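First comes the structure, then the notes that go with it.
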Amino acid sequence: MNTVIQEITDRIAARSARSRATYLERIRRDGEAARAKGPARAHLGCANLAHGFAAAPAEDKPALMGSAKPGVAIVTSYNDMLSAHQPYETYPQELKAAVRRAGGVAQVAGGVPAMCDGITQGRAGMELSLYSRDVIAMSTAIALSHDMFDSTLLLGVCDKIVPGLFIGALHFGHLPAIFVPAGPMTSGLPNKAKARTRQLFAEGKVGRVELLESESKSYHSPGTCTFYGTANSNQALMEVMGLHLPGSTFVNPHTELRHALTEAAGRRAVEITAHGSEYTPIGELVDEKSVVNACVALLATGGSTNHTMHLVAMAAAAGIMLTWDDLADLSKVVPSLTKVYPNGQADVNHFRDAGGMQVLIGELLDAGLLHADVLTVAGPGLDRYRSAPALEDGELVWSELTESTDLDVLRPVSAPFSSDGGIHMVCGNLGRAVSKVSAVKPEHLVIEAPAKVFDDQLDLLRAFEAGGLDGQDFVAVIRYQGPSANGMPELHKLTPPMAVLLDRGQRVAIVTDGRMSGASGKVPAAIHLSPEAADGGPIALVRDGDVIRLDSAAGTLELLVPAEELARRTPGGRPLSDAQWVGTGRELFAAFRRMAGHAEQGAGIFGVSGAESADHGPGLGFPAGSGNSHLESGVATWPAAAGR
């Protein structure tokens with residue numbers, strides 16, 4: 001095992017010892033009860049149980065009335081508006097049939113919302129996007145709260161949906177859980193051509209008709225978008241954490257192989273319940289080693305920056321305290337092994353065909369960069385994930401893949417695209433932020449230029465359209481975009497115009513307490529800046545013309561203004577009030593604004609599982625402020641460097 005990887009794993013375990021122990025004690029108590037007492041529904045009162053199967057098909061009612069067959073919950077994010085989730089329409093019937101054949105009985109326990117960041121980019125709905133993760137977690141908990149079930153099949157793909165399902169499932173950590181992917185759409189218009197059309201539209205050189213034609217040729221069928229953004233990063237991480245069946249991540253929808261893998265997931269959900277010989281509760285499967293494995297895979301693939309928040313929140317649900325320092329230190333020793341758009345021109349189908357997750361996992365295992373001794377839904381040990389599935393005479397078979405077939409897309413550890421990971425942490429007198437460098441040209445990694453300050457992304461877009469940003473170097477500071485300001489929307493709409501300026505030879509960058517999309521990367525950026533402006537962060541003190549130096553290579557972010565001058569300043573701008581933050585349902589989420597933790601804490605409203613007790617002392621739970629400013633609430637802060 002790589003010594004740095006092991007040291008970071010050990011320090012995470014030491015930091016998390018108390019909360020993790022409390023969490024495990026809780027789920028093991030529930031697991032012991034499950035093993036001793038049989039299927040969960042057998043212990044419901046007769047009236048309770050009758051409600052639980054009143055609408056079941058006749059063929060399932062005898063099994064649900066009895067106490068022999070394990071019950072499997074299906075929690076689905078199906079809707080037919082979003083391409084990634086449309087394939088799930090047929091999954092419940094397929095899974096029920098597979099579970100029935102395996103000796104169990106399955107029911108759709110509940111649904112969770114699934115919104116699309118691609119639709120809401122630059123619109124008010126995007127300000128609910130990050131909050132939806134915690135709504136999904138709570139929806140998952142409500143679905144499982146009926147206490148009818150012995151394992152869970154989780155149907156989700158994109159952005160906040162997988163992290164939300166993951167967090168919710170871990171709060172029922174004694175139950176086994178399998179994520180069942182839907183797969184990416186087939187390749188459409190090449191990503192380079194799509195990006196070029198977007199820039200031409202931003203420059204006014206093509207119109208809406210041409211842009212819409214380009215976009216519809218890119219996003220053209222059922223399945224996940226094919227670029228390596230948050231959705232496909234989710235899928236890669238679920239496989240490397242052992243929560244997918246091996247090799248099932250990037251198989252296209254509505255194919256025979258996809259159908260066979262879905263059925264196999266249903267069968268496996270029965271086999272790993274407490275009532276079989278392979279009991280694999282998700283709360284035991286997700287441990288410090290599997291969390292580090294997820295971080296390594298994220299870095300090795302140049303995955304979505306959204307996961308610098310999601311992984312923190314996901315780990316916390318299992319009582320594990322992951323910090324940005326851990327990610328930063330892992331990034332120093334994890335090489336970049338893939339080139340998938342926006343980090344290259346290939347899409348995830350090309351990545352799969354080059355060897356995909358199987359070759360990637362094998363390379364990282366052989367280099368000692370992944371923990372092999374972990375639990376997975378396929379059985380003990382990550383070595384099982386070196387093998388890819390195929391159909392032979394209608395039966396699933398797995399065979400090991402050992403090397404990449406396209407070194408322009410997927411490389412071995414011995415010849416990486418870069419010696420370190422694609423995500424860096426930057427810090428300085430403006431705070432701490434995340435910088436995705438995997439798609440940024442080396443000559444753009446360092447910029448020192450005057451600030452142009454905006455309190456709304458639309459103001460920057462208007463300035464661009466008016467020519468107010470032409471012919472000058474600058475750092476765009478977009479503030480009041482954090483979790484407690486307006487839900488921390490993605491600012492991907494800024495990428496095309498900023499890319500235009502970059503291509504014209506201007507030196508530009510973005511500094512923001514908001515997010516950028518998992519599809520962003522060409523423009524140098526320091527994002528997720530913490531503390532945010534709405535919490536009194538130094539970004540609120542920046543004025544137009546102040547010089548900012550961003551060095552993503554060295555990991556520094558500095559406002560080049562004397563400390564004594566900053567001390568005299570008062571914050572500029574302000575977040576919208578609750579009375580102003582209305583429309584598109586935003587007013588329903590005002591409580592989330594007041595409760596959301598900092599970006600470093602996962603930007604959510606939940607604490608660390610196992611750290612709920614006040615006698616655990618400060619620093620073990622996420623802060624939950626009583627107003628827009630967490631800094632004024634007097635609550636404990638999440639450990640950063642001090643927690644190391």
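Across region 115-142, which residue is surrounded by the fewest Cβ atoms within 10 Å (Cβ to Cβ) among those that are assigned to a helix (DSSP H, G or I) and in contact with a strand residue (DSSP E or B) (Cβ under 9 Å, 6 or more places away or on another chain)?
Checked region 115-142; the qualifying residue surrounded by the fewest Cβ atoms within 10 Å (Cβ to Cβ) is I142.
What number of residues within region 265-313 are touching a Ser or Thr at 6+ places or on another chain (Cβ under 8 Å) and of a type in the set (G, A, S)?
6
Look at G31 and say whether it is small (G, A, S) and farther than 30 Å from V608 by Cβ.
no
So, in region 365-413, exactly how many residues are under 21 Å from V334 (Cβ atoms) and not in a loop (DSSP other than H, G, I, E, B)?
7
Residue-by-condition table, conditions (1) within 22 Å of Y88 (Cβ to Cβ); (2) among the aliphatic types (A, V, I, L, M); (3) part of a loop (DSSP other than H, G, I, E, B):
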position: Q235; (1), (2), (3): yes, no, no
position: P246; (1), (2), (3): yes, no, yes
position: F250; (1), (2), (3): yes, no, yes
position: P253; (1), (2), (3): yes, no, yes
position: L257; (1), (2), (3): yes, yes, no
position: G266; (1), (2), (3): yes, no, no
position: S277; (1), (2), (3): no, no, yes
position: V296; (1), (2), (3): no, yes, no
position: S304; (1), (2), (3): yes, no, yes
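Looking only at region 547-557, which residues are within 26 Å of D503 (Cβ to Cβ) and assigned to a loop (DSSP other than H, G, I, E, B)?
Answer for region 547-557, where residues must be within 26 Å of D503 (Cβ to Cβ) and assigned to a loop (DSSP other than H, G, I, E, B): S552, A553, A554.
If you scan region 54-65, which residues turn out to be touching a residue at least 40 places away in the same chain (Cβ under 8 Å) and in a helix (DSSP H, G or I)?
A63, L64
List the pairs whose first member sits in region 598-612 and is under 23 Å from F172 (Cβ atoms), whose second member is of a type in the set (D, E) and open to solvent by 10 Å² or more (accessible area, probe 1.4 Å), and whose Cβ atoms are under 9 Å apart, counting only residues at least 6 apart or on separate chains?
Matching pairs, first to second residue: G610/E25.
Would you confirm whether or not region 16-30 contains a residue that is modelled with pLDDT of 95 or more, part of a loop (DSSP other than H, G, I, E, B) and either under 30 Å from M488 (Cβ atoms) or not hydroxyl-bearing (S, T, Y) (or both)?
Within region 16-30 (the criterion being modelled with pLDDT of 95 or more, part of a loop (DSSP other than H, G, I, E, B) and either under 30 Å from M488 (Cβ atoms) or not hydroxyl-bearing (S, T, Y) (or both)), the answer is yes, since at least one residue qualifies.
Out of all the residues in region 335-348, which are part of a strand (DSSP E or B), within 20 Å of the chain's Cα centre (by Cα) and buried (at least 24 other Cβ atoms within 10 Å of the Cβ)? Explain how you work it out, then say what you get.
At the first step, the residues of region 335-348 found to be part of a strand (DSSP E or B) are 336, 338, 340, 346.
With within 20 Å of the chain's Cα centre (by Cα) added as a condition, the list becomes 336, 338, 340.
The answer is T338, V340.
Just to be sure I understand, how many residues within region 167-205 are open to solvent by less than 40 Å² (accessible area, probe 1.4 Å) and either at positive phi or of a type in the set (V, I, T) (or both)?
Count: 5.
If you check G164 against the conditions, is it buried (at least 24 other Cβ atoms within 10 Å of the Cβ), within 25 Å of G319 (Cα to Cα) and in contact with a Lys or Arg (Cβ under 7 Å, 6 or more places away or on another chain)?
So G164 fits the description; yes.
Among the residues of region 83-114, count how many are of a type in the set (A, V, I, L, M) and either free of Cβ contacts under 8 Å to residues at least 40 places away in the same chain or open to solvent by 10 Å² or more (accessible area, probe 1.4 Å) (or both).
Applying the first criterion (of a type in the set (A, V, I, L, M)) to region 83-114 yields 84, 95, 97-99, 102, 105-106, 108-109, 112, 114.
Next, only the ones that are either free of Cβ contacts under 8 Å to residues at least 40 places away in the same chain or open to solvent by 10 Å² or more (accessible area, probe 1.4 Å) (or both) stay: 97, 102, 108-109, 112, 114.
Number satisfying all stated conditions: 6.
Count, please, the residues in region 316-334 that happen to be touching a Leu at 6+ places or on another chain (Cβ under 7 Å), assigned to a helix (DSSP H, G or I) and surrounded by 24 or more Cβ atoms within 10 Å (Cβ to Cβ).
2
Search region 579-594 for residues that are within 16 Å of I605 (Cα to Cα) and pair each with any residue that is open to solvent by 30 Å² or more (accessible area, probe 1.4 Å) and assigned to a loop (DSSP other than H, G, I, E, B) when their beta-carbon atoms are under 8 Å apart and the residues are at least 6 apart or on different chains.
That search, which allows pairs on different chains as well, returns A590/D578; F592/I605; R593/D578; R593/N628; R594/S626; R594/N628.
Against the conditions (1) touching a residue at least 12 places away in the same chain (Cβ under 8 Å); (2) touching a strand residue (DSSP E or B) at 6+ places or on another chain (Cβ under 8 Å), where does V397 fall short? Just the number, please.
Among (1) touching a residue at least 12 places away in the same chain (Cβ under 8 Å); (2) touching a strand residue (DSSP E or B) at 6+ places or on another chain (Cβ under 8 Å), V397 violates only (1).
If I filter region 445-468 for residues that are within 15 Å of G521 (Cα to Cα) and touching an Asp or Glu at 6+ places or on another chain (Cβ under 9 Å), do I get at least one hit?
yes
Which residue, of V270, V209, is aliphatic (A, V, I, L, M), without any contact (Cβ under 8 Å) to a residue 60 or more places away in the chain and over 30 Å from I423 (Cβ atoms)?
Selected residue: V209, the only one of V270, V209 that is aliphatic (A, V, I, L, M), without any contact (Cβ under 8 Å) to a residue 60 or more places away in the chain and over 30 Å from I423 (Cβ atoms).
Residue by residue through region 144-162, note down the ones that are among the charged types (D, E, K, R) and in contact with a Pro (Cβ under 7 Å, 6 or more places away or on another chain). Can you show your working first?
Going through region 144-162, the residues among the charged types (D, E, K, R) turn out to be 147, 150, 159-160.
Of everything in region 144-162, just one residue is among the charged types (D, E, K, R) and in contact with a Pro (Cβ under 7 Å, 6 or more places away or on another chain), namely D150.
Among the residues of region 151-161, write down those that are open to solvent by less than 10 Å² (accessible area, probe 1.4 Å) and in contact with a Ser or Thr (Cβ under 6 Å, 6 or more places away or on another chain). Please lay out each step first, then the result.
Within region 151-161, the first condition is being open to solvent by less than 10 Å² (accessible area, probe 1.4 Å), and the residues that meet it are 151-157, 160-161.
Scanning region 151-161 gives S151, L155, G156, V157, K160, I161.
Would you please name the residue that is nearest to M488 (Cα to Cα), looking only at residues in region 522-531 that are in a loop (DSSP other than H, G, I, E, B) and touching a strand residue (DSSP E or B) at 6+ places or on another chain (Cβ under 9 Å)? Working first, answer last.
Residues of region 522-531 in a loop (DSSP other than H, G, I, E, B): 522-524, 531.
Add one more test, that the residue is touching a strand residue (DSSP E or B) at 6+ places or on another chain (Cβ under 9 Å), and what stays is 523-524, 531.
Numbers: V523: 19, P524: 19, P531: 13 Å.
Within region 522-531, the match that is nearest to M488 (Cα to Cα) is P531.
Which residue is surrounded by the fewest Cβ atoms within 10 Å (Cβ to Cβ), if the candidates are limited to region 552-598 and must be closer than 19 Å to M126 by Cα and small (G, A, S)?
A579
Pick out the one residue from G583, G634, G610 that is part of a loop (DSSP other than H, G, I, E, B), over 21 Å from H528 (Cα atoms) and at pLDDT 95 or above.
On the way: G634 fails: at pLDDT 95 or above; G610 fails: at pLDDT 95 or above.
From the options G583, G634, G610, the qualifying one is G583.
Can we say V72 is farther than 14 Å from V270 by Cα, open to solvent by less than 40 Å² (accessible area, probe 1.4 Å) and modelled with pLDDT of 95 or more?
Details: farther than 14 Å from V270 by Cα: no; open to solvent by less than 40 Å² (accessible area, probe 1.4 Å): yes; modelled with pLDDT of 95 or more: yes.
In short, no.
Residues that are modelled with pLDDT under 95 and within 29 Å of G303 (Cα to Cα): does region 558-574 have at least one?
No; the residues of region 558-574 include none that is modelled with pLDDT under 95 and within 29 Å of G303 (Cα to Cα).
With the structure loaded, tell me whether A313 is at negative phi, among the small types (G, A, S) and buried (at least 24 other Cβ atoms within 10 Å of the Cβ) or whether it fails that test.
Working: at negative phi: yes; among the small types (G, A, S): yes; buried (at least 24 other Cβ atoms within 10 Å of the Cβ): yes.
So A313 passes the test.
Only one of T273, T262 is within 19 Å of A169 (Cβ to Cβ), in a loop (DSSP other than H, G, I, E, B) and either of a type in the set (D, E, K, R) or at pLDDT 95 or above (or both). Can you tell me which?
Criteria check complete, one pass: T273.
Out of T3, T9, T22, I need the residue that is open to solvent by 20 Å² or more (accessible area, probe 1.4 Å), more than 30 Å from P253 (Cα to Cα), of a type in the set (V, I, T) and in contact (Cβ under 8 Å) with a residue 60 or more places away in the chain. Which one?
On inspection, the qualifying residue turns out to be T22.
The values are calculated or read from the model by the stated rules, or taken from the named source; none is laboratory data. Fair warning: this is a prediction, and the values are worked out from it, not measured in the lab. Don't worry about glycine lacking a Cβ; one is built from the backbone with ideal geometry, like all the others, and counts go over all protein chains shown. With ligands, DNA and RNA removed, areas are computed over all heavy atoms of the protein, side chains included. Shrake-Rupley method; radii C 1.70, N 1.55, O 1.52, S 1.80 Å.
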